[in-house]
Structure formats: structure tokens, C-alpha cells
Amino acid sequence: LLYKVTDSQHYSCMGRNLSCIPPSIPSSIQTLDFSFNVLKHLQKTVFPVLSFLRVLDLSRCQIEHIENDTFYNVKNLATLILTGNPITYFGPGGLNSLHNLQRLVLVDTGLSSLQLQMNNLTKLQELRVGTNNVQSMSLPSFMSNFKDFSLLDLHANNISIIKTDHTAVLREIGRNMTLILSWNPLLYIEPGAFKGIYLGELDIRSVFISCAAQKVGLKALYGLNVKRLKFGKHKDSFRFQFSDTDFLDGLCSIYFQEVYYYIMEKPSKPISVFRCMINATNVAVIGGLIDEMEYVHFREIKELYLVSIKLSTLPGKQLSHLHTLEKLVITHNSAPSWADAFIDMPKLQYLDLSSNRITLKQCCTTLLSDTPQIRYLNFSRNAEIGLDVGGFDGLDSLEILDFHHSTVVRVGYLSVLSNLKYLRYLDVSYSRITFTNIFSFYGLKNLNVLKIAGNNFQEWCSTYSALPAYAGLSSREVHRLQHYR
């Protein structure tokens, strides 16, 4: 069998050790996966006429040589993937025919420059050239006419210097473009090289070799306007040694809406991580050892993520009274010794406190006060959560409630959820509950999904038959529960 038909328009010949395109493939196909075959020399005659082909994957086909007009017979391609081919010759007219190309992937092809002959690719939207030996991010001048260009992926290349003239074309086409520079050995950014440039996203994770280099590099980005900024280090990067406390001050001169800081160290001195982030709408700090949250006067924040930063206390006190916050995620921390209440957060709708090994003897009004808009609440994978009658007073808007793999106390015999008339989804699976009566689910008229696997039930037959009367579950959904006793 030379190929596999995934549907009438999508064919896969992946890994069949083929050296040519099977002539039996119909001319009407739209997607062809020819990856992991052998096509060392590409020329016009390699491809039959496939006028409707939109996606062609030639990953790791040992391609070394690409002649002019190679893709003439597949000239309507929208996506061309050449990942992992050791290309030593790329004819100057090799891409000339691809007037409709929107996505070009040249990852790991030995590319050393972005000065490619692709003048005709005026509809190009994405250029992915990661894991190569490109030493300059300077784009060909003709790309300033590529009005739909929106993504340049240069991750894991050899870019060490960025000067103002390197960003000249980027300045003209930037708009909402995504620029990925992660894993480049960046030593120097000329101050002002990005001034006045507008980007949708800039990813500069794992580009600075030291804390001092990051400090200088961030300051050199002054005047940049970017919707989403990602910086810091990937998980498996080497660690910084912090020499001072102002290494993030350069952020104050960058205009961003969303910021994602990946930190893998514990600073030896207290640092103000958030000082230059107070105007952001979305803030994420991931990794590192911050221990205690600082008081931050966020002005427009809507989403805040504190993930794997080893907080010793749930920072309810520090985050209370944030009137614009809609989503709060605090997950994968060490066991907090204390949980302060979250108070006066009128727009908070989504709260995820999973995987923190929290013990709460009384939940949830003791933890949440004046948070009337909460619709999503996740306490899964914690130590112990105690529930009492009235524990959800003031939280009547809840629609999704998740306790899976947390020990949940008293829900098995008390009607602690009865005021949650909008609750649609409840997960108490593997929560060490012994259900002694059906009143646990009393009042849940809108419940669509109930996950109770891995618990214990007394008088299961009467409880099982009464479920539809107390929760809004169809008979089929209740029947499925029988298998999870």
C-alpha cells in the first residue's frame, strides 16, 4: 500500500520509503503528507499536476537540491512544509510559482540567512525558520509589501546582535505580527532598535545569558508596543544568579497588554516582580521561588496566573479589592501554611486553586467574600476541603465546581450544595467521600455532568434510583454513574 486515505481529499504516504509521488493519487486531493520518504533532488517533474493541492508536507525527505519552478505543478499550495531537510541548494526561482502560499516552514534545513528569493509570495502569512543558523533577523526589503504577514519564528538560531537597521522591514510590517526569538544567544540589542514597532507577540525566552544581560536587553527594548510579551527562561534552561533587585526595570519602558514571565530561580534578595506590570491586563508568573506575594496596585488587570512559584500563603489579602480581575489561577505551589480570604472582587468569575496541597477546614465563604460573579471554582488535587451547610452562600452563580482527588469532608451526608441552582458540572471523583443519602445533590436542578468515581456509597440502590429527582441528570447520564461505584 503506497498511501493511506484519511478522507477523500487527504492522503498520507508518510514513511513508505518512496522516491516519487504515486501516480495513482487523484488530482483532486487537497492535502498530501509525503514526509519521511526519499526525494533528494526536487525539480518540476517530481510532482504531477495537483491543481487543488493546498497542503504539502515534505518533512525529512532528505532533500538536498531544489530547482527553479519545482512547485509549478502544485502552484496553488497554501502550506509548504520542508522541515528537517539538509538543503544545500535552493534555486533562486524555486518558490516562484507559489503565488498563493500562506505558510512556509523551513525548520532545521541548514538555512543561514533570511534573504530568500520569495518576492512572489505576497500572500505569505507565516515564515517558520527555527533551528537553523540564521545570524541576522533582517528581512528582505520586498517583504514590506507582504500585507498579511503575521508570524516570524526564528527560535533556536544564532542571532547574537540586533541593530536598528535589522528591524527596518519589521517596523513597516509589524502591526499585529508575532516574533519568536527564543533560544537565540542574544548578546546585544541596540537601544531603540524596537522603538515605535507594534507587535502582536514577542517571545524572548531563553535568549539572555545572564541576569545582567537580561537587564540591559529589556532596557534596550524601550518604546516597543507589544500586545503579548513572553520572557524569562524555558524550564530546562540554565539558572541565573541574581546580582541586584532592579533587573526588571526595563519593562517599565515597554508598552504591553499581556506579560508572561518564566522564572526558574529564587532571588537571593526580595524583588518587585510586578512593579512594571501594573498596567497590564493579563499577567502570568511561572516557575521560580517567590514565596510571598507583594501588594500590587494593578490598574486594569483581568487575568492573573501564579503557577509553580512556591507561595507559602495563598495571597488573598494582597489580591483583594482588585475590582477588574476576572480570572485568577494559583496552581502547583507547595503546601501553603495559610489561606487568606479573597475579598471584594466583584468581577471575579474564574478561580483555579488546584494542585496546591491546601487544607481548608471550612469552605468556601470563609475564603471568598463579595465575589458574586464566580462561575468556575477548582479545588482539585489539594489535601482536604471541608464543606458545611451554608458554605456556598453568596456563590449562587457557580456553574462548574471541581474537587477531584481532594479529600472532601461532609458532602456525603449534608446538603451543602443546595443553593447552587446554576451548577452544571460537579466533579467529586476520588475524593474519599462516603455517600450516605441522596441529599448531597439536593437542589442541583441544572446539573448536566456529575463525576463521582472512586468514592463509597451506602444503600446505593435507593440512592441511585433517586438521583434524577434531586439533580438535573438524564436517565442515561445516571446510568453511566452506576459503573463508577
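A few notes on this one:
- Selected residue (criterion: nearest to LYS123 (Cα to Cα)) from residues of segment 72-86 that are among the polar types (S, T, N, Q) and in a loop (DSSP other than H, G, I, E, B): ASN76
- The lone criterion from (1) among the hydroxyl-bearing types (Ser, Thr, Tyr); (2) in contact with a strand residue (DSSP E or B) (Cβ under 6 Å, 6 or more places away or on another chain); (3) over 26 Å from PHE208 (Cα atoms) left unmet by SER97 is number (2).
- Looking across segment 267-308, the residues that are modelled with pLDDT of 95 or more, out of contact with any His (no Cβ under 9 Å at 6 or more places or on another chain) and part of a loop (DSSP other than H, G, I, E, B) come down to ASN279, ALA280, THR281, PHE298, ARG299, GLU300, ILE301, LYS302.
- Selected residue [in the same structural domain as PHE441 (by the TED database), crowded, with 21+ Cβ neighbours inside 10 Å and among the polar types (S, T, N, Q)] from THR371, THR366, THR407: THR371
- Residue within segment 61-73 that is under 25 Å from the mean Cα position of the chain (by Cα) and under 21 Å from GLY15 (Cβ atoms) present: no
- Segment 372-388, subset in contact with a Lys or Arg (Cβ under 8 Å, 6 or more places away or on another chain) and among the small types (Gly, Ala, Ser), residue nearest to ASP344 (Cα to Cα): GLY386
- Any hit, segment 66-78, residues being surrounded by fewer than 20 Cβ atoms within 10 Å (Cβ to Cβ), farther than 21 Å from ASN157 by Cβ, at pLDDT 95 or above and of a type in the set (Phe, Trp, Tyr): yes
- Looking only at residues of segment 108-151 that are touching an Asp or Glu at 6+ places or on another chain (Cβ under 8 Å) and not in a loop (DSSP other than H, G, I, E, B), we find that the one that is farthest from LEU181 (Cα to Cα) is SER144.
- Residue within segment 309-317 that is in a strand (DSSP E or B), assigned by the TED database to the domain that holds LEU387 and modelled with pLDDT of 95 or more present: no
- Scanning segment 1-18 for residues being over 32 Å from the mean Cα position of the chain (by Cα), at pLDDT 90 or above and either surrounded by 13 or more Cβ atoms within 10 Å (Cβ to Cβ) or not assigned by the TED database to the domain that holds SER59 (or both) gives a total of 2.
- Matching option when the condition is modelled with pLDDT of 95 or more and not polar (S, T, N, Q), among ILE400, ILE358: ILE400
- Residues of segment 168-190 satisfying the condition of being in contact with a Ser or Thr (Cβ under 8 Å, 6 or more places away or on another chain) and either under 20 Å from VAL129 (Cα atoms) or buried (at least 21 other Cβ atoms within 10 Å of the Cβ) (or both): ALA168, VAL169, ILE173, ASN176, MET177, THR178, SER182, TRP183, ASN184, PRO185, LEU186
- When segment 427-485 is filtered for residues that are modelled with pLDDT under 90 and small (Gly, Ala, Ser), the ones remaining, listed by number, are SER440, GLY443, SER462, SER465, ALA466, ALA469, ALA471, GLY472, SER474, SER475.
- Hey, TYR413 at pLDDT 95 or above and surrounded by fewer than 19 Cβ atoms within 10 Å (Cβ to Cβ) or not: no
- Residues of segment 411-463 that turn out to be touching a His at 6+ places or on another chain (Cβ under 6 Å) and either on the phi > 0 side of the Ramachandran plot or not assigned by the TED database to the domain that holds ILE385 (or both), as a count: 1
- Single residue of segment 374-384 satisfying the filter (more than 11 Å from LYS327 (Cα to Cα) and charged (D, E, K, R)) that is surrounded by the most Cβ atoms within 10 Å (Cβ to Cβ): ARG381
- Just one of the listed residues (SER35, SER27) is farther than 16 Å from PHE90 by Cα, small (Gly, Ala, Ser) and surrounded by 15 or more Cβ atoms within 10 Å (Cβ to Cβ), namely SER35.
- The residues of segment 318-373 that are closer than 23 Å to ILE278 by Cα and in a strand (DSSP E or B), listed by number, are LYS327, LEU328, VAL329, ILE330, THR331, PHE342, ILE343, TYR350, LEU351, ASP352.
- For GLY192: the one exception among (1) within 26 Å of ILE87 (Cα to Cα); (2) of a type in the set (Gly, Ala, Ser); (3) more than 28 Å from the chain's Cα centre (by Cα): (1)
- So PRO315, is it free of Cβ contacts under 8 Å to residues at least 60 places away in the same chain, touching an Asp or Glu at 6+ places or on another chain (Cβ under 8 Å) and surrounded by fewer than 18 Cβ atoms within 10 Å (Cβ to Cβ): no
- Selected residue [touching a residue at least 12 places away in the same chain (Cβ under 8 Å), charged (D, E, K, R) and over 18 Å from ASP57 (Cβ atoms)] from ASP148, ASP108, ASP153: ASP148
- Selected residue (criterion: farthest from PHE146 (Cα to Cα)) from residues of segment 166-189 that are under 24 Å from the mean Cα position of the chain (by Cα) and not in a loop (DSSP other than H, G, I, E, B): ILE180
- The numbered conditions (1) surrounded by fewer than 16 Cβ atoms within 10 Å (Cβ to Cβ); (2) in contact with a helix residue (DSSP H, G or I) (Cβ under 9 Å, 6 or more places away or on another chain) are all true for ASN96 except (1).
The values are calculated or read from the model by the stated rules, or taken from the named source; none is laboratory data. Owing to the predicted nature of the structure, the values given are computational and were not obtained by experimental measurement. Every residue, glycine as well, gets a Cβ built from its backbone with ideal geometry; the counts of neighbours run over all protein chains shown.
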